[in-house]
Amino acid sequence: MIATFDDEKGILMEVILKENPYSREAISTVHDIKDTVKRSVIGTPFEDADLAFSGISSMNLDLSDISSADFTRTVTIMLIGLFIVLFVLFRSAIMPLYMIGSLLLTYYTAISITELIFVNGLGYDGISWAVPFFGFIMLIALGVDYSIFLLDRFREESIGGMKVKEALMYSMAKMGTVIITAAVILAGTFGAMMPSGVLSLMQIATIVISGLLLYGLIILPLLIPAITVSFGRGVWWPFRG
């Protein structure tokens with residue numbers, strides 16, 4: 001179809017998809033269409049022409065691409081910023097590394113649980129493109145707070161003269177109940193998002209709830225202490241040994 005765009009003529013092609021235009025399959029199909037069109041015009045009179053795509057599926061694809069780029073940039077900035085702050089706070093290069101590693105392990109486990117529930121269990125097409133971005137920010141921000149509560153107390157006791165194992169056991173006894181209770185209460189608070197009926201909110205809530213429970217009940221009480229004790233005095237490298 002010949003059409004006029006800003007007093008200039010062009011070709012308008014309409015493509016009707018079989019899939020639901022809001023579905024992930026439609027977004028994938030539009031992505032394939034764009035790649036096919038860009039390859040097809042090479043070596044033709046339309047090679048230098050401006051190509052434009054419209055429609056709800058195309059818009060969702062653009063939003064998904066922007067979100068993916070923002071997610072990568074946000075993750076990089078957050079992790080670098082976290083490392084610097086924790087490095088200064090704990091006077092250690094080792095402790096921030098396994099703290100951040102434990103948070104990433106928690107996040108990817110939580111998002112896997114969410115996909116298992118909504119895709120394999122409830123039959124949805126997949127995780128909404130906006131969910132990983134907001135789920136990551138919320139879970140990492142909350143999880144690092146709980147880590148700081150425990151390990152800052154551990155640092156204080158260690159500086160006071162206790163051995164690593166004794167300082168960690170004392171810190172767990174003093175802070176463990178508070179941290180676990182806070183994680184359970186906050187997970188219950190996010191549970192209020194579940195009856196909303198909005199898929200993205202339900203998925204974000206599932207990521208945060210499963211992540212907080214995993215981190216508060218398993219990772220922080222078991223994995224973090226085990227790693228810390230394994231390093232011994234080396235956990236304070238490079239400032240103290």
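The values are calculated or read from the model by the stated rules, or taken from the named source; none is laboratory data. All of these numbers come straight from a predicted model, not from anything done at the bench. Note that we place each Cβ from the backbone using ideal geometry, even for glycine, and neighbour counts take in every protein chain shown.
Tell me the residue from LYS165, LYS174 that is farther than 27 Å from ASP70 by Cβ, surrounded by fewer than 16 Cβ atoms within 10 Å (Cβ to Cβ) and either out of contact with any Lys or Arg (no Cβ under 8 Å at 6 or more places or on another chain) or not assigned by TED's automatic domain parsing to the domain that holds VAL75 (or both), please.
Working: LYS174 fails: either out of contact with any Lys or Arg (no Cβ under 8 Å at 6 or more places or on another chain) or not assigned by TED's automatic domain parsing to the domain that holds VAL75 (or both).
Of LYS165, LYS174, the one residue that is farther than 27 Å from ASP70 by Cβ, surrounded by fewer than 16 Cβ atoms within 10 Å (Cβ to Cβ) and either out of contact with any Lys or Arg (no Cβ under 8 Å at 6 or more places or on another chain) or not assigned by TED's automatic domain parsing to the domain that holds VAL75 (or both) is LYS165.
May I ask you to list the residues in the range 116-132 that are crowded, with 18+ Cβ neighbours inside 10 Å and part of a helix (DSSP H, G or I)? Break it down stepwise before answering.
Filtering the range 116-132 down to residues crowded, with 18+ Cβ neighbours inside 10 Å leaves 118, 127-129, 131-132.
Hits for the range 116-132 are PHE118, VAL131, PRO132.
Which residues, taken from the range 83-104, are surrounded by fewer than 18 Cβ atoms within 10 Å (Cβ to Cβ), closer than 14 Å to ASP145 by Cα and in contact (Cβ under 8 Å) with a residue 60 or more places away in the chain?
Selection gives LEU89 alone.
Yes/no per residue for (1) touching a residue at least 60 places away in the same chain (Cβ under 8 Å); (2) among the hydroxyl-bearing types (Ser, Thr, Tyr):
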| residue | (1), (2) |
| --- | --- |
| GLY43 | no, no |
| PHE46 | no, no |
| ASP50 | no, no |
| SER54 | no, yes |
| MET59 | no, no |
| SER64 | yes, yes |
| PHE71 | yes, no |
| THR74 | yes, yes |
| ILE80 | no, no |
